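As structure tokens, the structure follows; a few thoughts come after it.
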Number of protein chains: 2
Amino acid sequence: MAKLTSRAEDYSKWYNELVVKADLAENSGVRGCMVIKPYGYAIWEKMRDEMDRKFKETGHQNAYFPIFIPKSYFEAEEQNAEGFAKECAVVTHYRLKADPDNPKKLIVDPDAKLEEELIVRPTSEAIIWSTYKNWIQSYRDLPILINQWANVVRWEMRTRLFLRTTEFLWQEGHTAHATKTEAIEETEQMLDIYAEFAEKFMAIPVIRGIKTASERFAGADETYCIEALMQDGKALQAGTSHFLGQNFSKAFDVKFTNNEGKIEYPWATSWGTSTRLMGALIMTHSDDQGLVLPPTLAPIQVVIVPIFKGEEQLKQIDEVAIRIQDKLKASGISVKYDNRTEYKPGWKFAEYELKGVPVRVAIGARDLENGTVEIARRDNLSKETQPLENVEKYIEDLLNTIQRDIYKKALDFRDSHITQVESYEEFKKVLEEKGGFIAAHWDGTPEEEEQIKNETKATIRCIPLNNVMEDGVSMVSGKPSAQRVIFAKAY
Amino acid sequence: MAKLTSRAEDYSKWYNELVVKADLAENSGVRGCMVIKPYGYAIWEKMRDEMDRKFKETGHQNAYFPIFIPKSYFEAEEQNAEGFAKECAVVTHYRLKADPDNPKKLIVDPDAKLEEELIVRPTSEAIIWSTYKNWIQSYRDLPILINQWANVVRWEMRTRLFLRTTEFLWQEGHTAHATKTEAIEETEQMLDIYAEFAEKFMAIPVIRGIKTASERFAGADETYCIEALMQDGKALQAGTSHFLGQNFSKAFDVKFTNNEGKIEYPWATSWGTSTRLMGALIMTHSDDQGLVLPPTLAPIQVVIVPIFKGEEQLKQIDEVAIRIQDKLKASGISVKYDNRTEYKPGWKFAEYELKGVPVRVAIGARDLENGTVEIARRDNLSKETQPLENVEKYIEDLLNTIQRDIYKKALDFRDSHITQVESYEEFKKVLEEKGGFIAAHWDGTPEEEEQIKNETKATIRCIPLNNVMEDGVSMVSGKPSAQRVIFAKAY
């Protein structure tokens, strides 16, 4: 197996190689669409299950809406159309037929043209709010708290595995409420759920904030987000929660009778996370040896590798290994005992390092004699010899320790990469030399934001929630500013 | 709430009404596409989770492949193209733009025409085998045991909720094997898994069999199926498992080196079940009052309804009800205590009957005095008074009894609707007057099959596995036949 390109050498190349070599995903024959391979999908399933559990705990239900959206639905909500209709897959026909000039070939049947084109959903507000129109008449029908796990398609010109693909998997929550207050509370609740999921489950520290108007979701009154920092100093938006106001209820003419008998438009939210989180996971924790996975997300949490000469020795090791495996499994830990004889221990070590298995247990002849095993941590690559007795408890604790340590490491990195700057010069210097989040004053205008973006490629990632108010002046225009905002280059 | 049309009056209307009134699904604004509502989706989730568990237990892994398939991929496997390319959603463009003549409208951007059209997957053999080409080089790479949960699109002219929709949800397994024997074993194993799932989990008895050549999946060498019988005497194909031979490996030029160093084409299977199973579930168990759900699939297994006058009484009942609820929940039973005051008990009874909640517990003032509760079974609508003491254990046992009884009832119905006939006259008479499965001799030719289909609308559902060999003569042509096959009209 050829070595991975190192991160220092070429971060982008390291990422692309790692995704493929660790069997997470690969490009398909369809432009911009990926194949999520079993190992990658198993990680995504763990993310999905945990989020799904949190959604249900907070009263949400899953449902499923059509993949196709008639073109005219996009015309209903102007901003949304503006934001999404430009880059979408358009279904215009519903039949192929044999090519009369070349019977082995197929052509689009011109007689099977749709009266109205269908768009493969880039997001589902339009189709869902056109459905909610029939579901919502009275305040008794509210709130509606629905989530959907689905595939969506956005016609991206430049794609990268997980980070930006034409088709991706995601969840999209779509809720309807009787009051503005309740909708805003929902928006904030879902942001909190995302943040807690990112930090506790994925071990990725995030900044919770609000987007500026120009970075807002098309059709939202306010977009909340969680922003993570990758190892190369670039930010990655890991989830968004939108307060949609009454934009979609008005666009689709959804009304309800409130508890005083008056007709009102309901208030909406939508919120989403996607397979992009896989990219965040990889670029937060992994190293030059391969993936580093938090134990919560590892399809295999512990691998046991025998180091043996001859069948007799292997048999003896088998006995010990299988006992450990059974005990760990009984505690709900996923374990693989790899006693394949066609691969050498060294090859296996490299393979499981590449795949990010958090704990490796090696057992050799010497260990058998001494009643020990060798335990290696994937996150810091440390090794130690442990007595066989109670080793299962030791491993269980170690998995918790690794989860904490991985988060702590990412948090330290993130915190040491939030830099306050006072001038545009300093801003550019930090951006170029150090990267990371930059906390700076901004005059609040989209014009200045645009200028900074054009000149430096940095965008305002968010205005942090619970921000410290601090009088200052914008680093570019010199106009007064009441708080710092967070800039960064971003994925 | 208006009453359901009865099954006797109009079975088809009863079905359509029930799906909508029980909040399972509804038609969307997109032709032939349905919205699966939260209650319906919760049932589908239970099916999915149980099947997923069984797939993983037998060594399968999930993955995800692109929704789009380039047109040329369909040209590779002739039969498959023939079978599916005719009815599909074709993506021809990747952008909309503002209509210059009417800025509020959108039009397809003629400059954004795709060089090669993309088909929204009707099934994924083509895209998956084009991917396997890169995954399979050696016998060590085999078997590949992959499943995918996904949405697929087939352009159906006449659609019905769950039974036949343009878009539907399904799982599709796609495996590759080094030997023919192993692939056939896989095909049969998956059929067994489907059959066991249908019978044990969905309480739907099925006949396992093999399709005739004309009913075979396009691209398969052999199609295995499970066939269920609906209450109106029509059959429903509930799952299929295909032995694909080397058709797809040859079409996509996938080869491997076997353990003797020779180059071979791998052997393939594919197998699928879909949201169509929701239709089978409804039409196997439900009645004129609404849904009947086996406890395994019920989102709410037990509902507790208080019958009270005044707040004081409700408070007393609350106490008892919540105690029962907590104990049942602790045993993993899903319970809803519906103490809403804005709905009358009678309304609630009808509502939960419609929704198919297997067990209803009613608690009134008299019950409080006597230390009893009233327990009603949804499946046979029987009621009885039970002492409060140990009622949780009683309910837990009752759920198991209901699961068994529902299956038994469906099995008795099915078994009493398998009719052996000896002549074509008798065949037509049974088909018209009784319906159900008809076991008859057939001469083995597609011509006779076609003739019977044209004249009676009945098709050969399957040649049962482990069929009893019995010499006879075809009821139409009079030619010799070695075994009976199963005919029926089908969904």
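So the values come out like this:
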{"item": "Dipole magnitude (debye, nearest 20) for chain B, charges at Cβ of Lys, Arg, Asp, Glu", "result": "1080"}
{"item": "FRET efficiency for B:Asp415 and B:Glu82, using Cβ-Cβ distance with R0 set to 25 Å, rounded to 0.05", "result": "0.10"}
{"item": "Per principal axis, descending, Cα span of region B:11-285 in whole Å", "result": "67, 53, 32"}
{"item": "Number of partner chain Cβ atoms within 10 Å, mean per residue of A:24-32", "result": "5"}
{"item": "A:Thr166, A:Thr159 arranged by Cβ crowding within 10 Å, fewest neighbours leading", "result": "A:Thr159, A:Thr166"}
{"item": "Ascending list, in nanometres, of distances separating the A:Lys479 label from those of the other copies (7 Å, Cα toward Cβ)", "result": "8.8"}
{"item": "Three-way shape call for the protein assembly as shown based on the alpha-carbon gyration tensor, with the a/c threshold at 1.5", "result": "rounded"}
{"item": "Magnitude of the charge dipole, the protein assembly as shown, Cβ model with Lys/Arg +1 and Asp/Glu -1, debye to 20", "result": "80"}
{"item": "Alpha carbon centroid spacing (whole Å) that separates region A:97-173 from region A:374-438", "result": "39"}
{"item": "Other protein chain Cβ atoms within 10 Å, averaged over every residue that makes up B:58-64", "result": "5"}
{"item": "Per-copy distances of the A:Ser334 label point, shortest first, in nm (7 angstrom along Cα→Cβ)", "result": "2.4"}
{"item": "All lysines inside 16 Å of A:Lys429 as judged from Cα atoms, apart from same-chain residues fewer than 8 positions distant", "result": "A:Lys234, A:Lys453, A:Lys457, A:Lys489"}
{"item": "Global geometry of region A:1-133, whether rounded, prolate or oblate, following the gyration tensor of its Cα atoms and the 1.5 cut on a/c", "result": "oblate"}
{"item": "Candidate aspartates and glutamates for bridging to B:Lys315, where Cα separation is under 17 Å - those fewer than 8 sequence places away on the same chain excluded", "result": "B:Asp326, B:Asp338, B:Glu342, B:Asp367, B:Glu369"}
{"item": "Residue order, fewest to most surrounding Cβ atoms within 10 angstrom, among B:Thr372, A:Thr385, B:Thr341", "result": "B:Thr341, A:Thr385, B:Thr372"}
{"item": "Charge dipole magnitude, Cβ of K and R +1, D and E -1 - region B:11-285, Cα centre, debye nearest 20", "result": "720"}
{"item": "Tensor-based shape of chain B (alpha-carbon gyration tensor, a/c under 1.5 rounded, otherwise prolate or oblate)", "result": "prolate"}
{"item": "Longest segment of chain B lacking GluC sites (Glu not before Pro) that sit in a DSSP loop with at most 12 other Cβ atoms within 10 Å", "result": "B:10-259"}
{"item": "Separation of alpha-carbon centers, region A:1-37 and region B:454-491, rounded to whole Å", "result": "54"}
{"item": "In region B:38-106, lysine pairs with alpha-carbon atoms under 16 angstrom apart (chain gap of 8 or more, or interchain)", "result": "4"}
{"item": "Whole-number percent relative contact order across region A:221-264, with pairs defined as alpha carbons under 8 Å at least 6 apart", "result": "30"}
{"item": "Cα pair distances of region A:418-488 binned at 10 Å [whole percent]", "result": "22, 61, 17"}
{"item": "Alpha-carbon centroid distance for the pair region B:251-281 / region A:211-226, whole angstrom", "result": "45"}
{"item": "Peptide B:36-48, shielding by other chains (average Cβ, 10 Å cutoff)", "result": "3"}
{"item": "For B:Glu196, inter-copy label distances in nm, listed shortest first [label point 7 Å out on the Cα-Cβ vector]", "result": "3.8"}
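Computed from the coordinates by the stated procedures, all read-outs in this text should not be read as laboratory data. Predicted model only: the values in this text are computed from it and were never measured. Glycine gets a Cβ as well: all are built from the backbone with ideal geometry, and neighbour counts include every protein chain shown.
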